[in-house]
1. Filter segment 152-182 down to the residues that are under 17 Å from the mean Cα position of the chain (by Cα), open to solvent by 10 Å² or more (accessible area, probe 1.4 Å) and not polar (S, T, N, Q) and list them by number.
2. Can you tell me which residues in segment 52-71 are touching a residue at least 24 places away in the same chain (Cβ under 8 Å) and touching a Lys or Arg at 6+ places or on another chain (Cβ under 8 Å)?
3. Quickly run through segment 235-270 and pick out the residues that are more than 12 Å from ligand 1 (Cβ to nearest atom), within 17 Å of Thr75 (Cβ to Cβ) and open to solvent by less than 10 Å² (accessible area, probe 1.4 Å).
4. Can you list the strands (runs of 3 or more DSSP E) lying wholly within segment 1-110 that have 2 or more residues being modelled with pLDDT of 95 or more and farther than 22 Å from Lys247 by Cβ?
5. Can you spot a residue in segment 234-253 that is in a strand (DSSP E or B), hydrophobic (A, V, I, L, M, F, W, C), touching a helix residue (DSSP H, G or I) at 6+ places or on another chain (Cβ under 7 Å) and under 29 Å from Asp291 (Cβ atoms)?
6. Kindly evaluate Thr283 against the criterion of being within 16 Å of ligand 2 (Cβ to nearest atom), under 21 Å from the mean Cα position of the chain (by Cα) and open to solvent by less than 10 Å² (accessible area, probe 1.4 Å).
7. Looking at segment 166-173, is at least one residue touching a residue at least 24 places away in the same chain (Cβ under 8 Å), part of a loop (DSSP other than H, G, I, E, B) and within 16 Å of ligand 1 (Cβ to nearest atom)?
8. Checking the conditions here, which among Leu106, Leu142 is among the hydrophobic types (A, V, I, L, M, F, W, C), more than 25 Å from Ile260 (Cα to Cα) and open to solvent by 70 Å² or more (accessible area, probe 1.4 Å)?
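The values are calculated or read from the model by the stated rules, or taken from the named source; none is laboratory data. Treat the numbers as computed from the prediction; the structure is a model and nothing was measured. So basically every Cβ, Gly included, is an ideal-geometry build from the backbone, and we count neighbours across all protein chains shown. Surface accessibility is based on the protein's heavy atoms, side chains included, excluding ligands, DNA and RNA. Shrake-Rupley method; radii C 1.70, N 1.55, O 1.52, S 1.80 Å.
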Amino acid sequence: MPIKESELILNPDGSLYHLSLKPEHIANTIILVGDQDRVEKISKHFDSIEFKIHKREFRTHTGFYKGKRISVLSTGIGPDNIDIVLNELDALVNIDLETRKPKETLQSLNIIRVGTSGSLQKDIPVDSFVLSEYGLDLNGMLHFYQIDAIKTPEIEQAFIQQTHWSKDKASPIVVKNSLWLEKKLESNKTFKGMTATAAGFYGPQGRILRLPIKNPDLNHKMNHFNYHGLRVTNIEMETSAIYGLAKLLGHHAVSLNAIIANRATGNFSRNPSKTIEDLITYTLNKIVEID
Ligand code: R1P
Ligand code: URA
């Protein structure tokens, strides 16, 4: 049965509803960033740019860097946007948009997030890089999918016990990255561990401005979580959703974050733009080495 028009929405030109992309517009290697202004900060390094499009917070540039075809796409903020981006990217490669049916031969994209994040550990300082071995989903988006095959119950149970996770919040889901991409992107510059993905920037990440929050000691508990040496290194708003949907859809994903805040010490980077620029050049030079 073809997928109905209301479920797979196409624009009048045949492009995907939110991303405004057609299959020929994207490369197999895709860099995801939150901030739409970061797209240009990456594509300015390209030898050539063949395609640009922009709708809402979703900006895409596709071009070549040292001969490798790469797309850079901004997701905006949060796991809800990742639901849109991952489903539409997958539709571009794995659904025939003419017949509206899934293709028989599926394609795996290489998806690399270049984001910003807050460290939860004193020894992971501002201006460092974290590569997420696992995404720790604290926001609940993935619970709408059938996720049994991608969960990591032992780590989830340990996290629930050690943090006294309350039942009134969506239960945490732990999803592994693509180990193959991790090996391509890691170096002695990357801290590694589990990245918590929150549903918001303030209360959901333990920030108190004027509103009291339910669990003011959650960051402290996450800071002390330890599962056979695996720590919660940092917190942001996209990684676990990318890992979960990429894994369910058959894509490879890894997330790199520039640490711009340290929540354990209260420090903020003096020059976040430089740290992000350093992570961009680091990532691009690692990507060109991928076959
Ligand atoms: C919050 O300021 C935003 O910054 C982080 C968070 O995940 C969230 O999207 O990532 P980006 O800098 O990639 O947007
Ligand atoms: N992005 C986040 O989501 N949290 C931080 O603390 C910093 C960047």
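1. Hits for segment 152-182 are Lys176, Leu179, Trp180.
2. Ile53, Thr60, Thr62
3. If the condition is that a residue be more than 12 Å from ligand 1 (Cβ to nearest atom), within 17 Å of Thr75 (Cβ to Cβ) and open to solvent by less than 10 Å² (accessible area, probe 1.4 Å), then Tyr243, Gly244, Leu245, Ala246, Ala253, Val254 are the ones that fit.
4. 48-55, 58-65, 68-74
5. yes
6. Judged against the criteria, Thr283 is not a match.
7. Checked segment 166-173: no residue is touching a residue at least 24 places away in the same chain (Cβ under 8 Å), part of a loop (DSSP other than H, G, I, E, B) and within 16 Å of ligand 1 (Cβ to nearest atom).
8. The unique qualifying residue is Leu106.
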